[in-house]
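Here's the structure, in structure tokens; my notes come after.
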Amino acid sequence: MNIVRVVPVLVLALLSGCAAIYSTPPTAVHQPMTARPEPRPQAQPATGAIFQANQARPLFEDRRARHVGDTLTINLVESTTAQKAANSSATRGSSISGGISAASRVPLAGLAGMNVEAGMDSDFAGKGASAANNRFNGTISVTVIEVYPNGNLLVSGEKQVAINQGNEFIRFSGVVNPTMITAANTVQSTQIADARIEYKGSGYIDESNQMGWLQRFFNVVLPF
């Protein structure tokens, strides 16, 4: 009877483990990644008309993001290039020589005429180089999640694309200066402070590009 009760529990545990294989990857962008606008106070009771004074914006006010819950489009135009090279060399040499001249009245006279020479040479040369080139282009719409006292906007957002049996996640967060927002309610990613950009995936294709946990364990433990 105990075995009959244990088997279903094990099956459910295995199924839950399989469901968590392709879970949402962790993120480092500012949280939360979305926010709802704060309800506006009811300055005047609703009259049933199309125009409501407590929900209307001025006639000549643009639609740029400025409040919590407003959306903003980010143009991703990231391009970074870095190169580094280093050279070093060192050379050192030394030599010593000595001998015992002919003498008959000193100790160890039998070693007369023996010469001793010693020398050492040391040479070292090192060279290293590294290079990186990254490009990230695209667009993503984010939400204002906080308005700082100086008027800057903290924005965060996520775009999820499901492709066959895998998911692609594009995430972005940063601090936007409202003066950098264009009339089309867009801003360049290069003009955003504390920008955090992520492009991650989940699925069997992403899993196949990662080293197994047992192999990672041996890479850490083995000294060679």
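Remarks
- Among the residues making up region 66-94, a single one is of a type in the set (D, E, K, R), within 22 Å of the chain's Cα centre (by Cα) and open to solvent by less than 60 Å² (accessible area, probe 1.4 Å): GLU78.
- Some residue of region 55-78 being modelled with pLDDT of 85 or more, in a loop (DSSP other than H, G, I, E, B), among the aliphatic types (A, V, I, L, M) and within 30 Å of ARG135 (Cα to Cα): yes
The values are calculated or read from the model by the stated rules, or taken from the named source; none is laboratory data. Note that the structure is a prediction, hence the values are computed from the model and not measured. When the accessible area is computed, the model is the full protein with side chains, heavy atoms only, and any ligands, DNA or RNA have been set aside. Shrake-Rupley method; radii C 1.70, N 1.55, O 1.52, S 1.80 Å.
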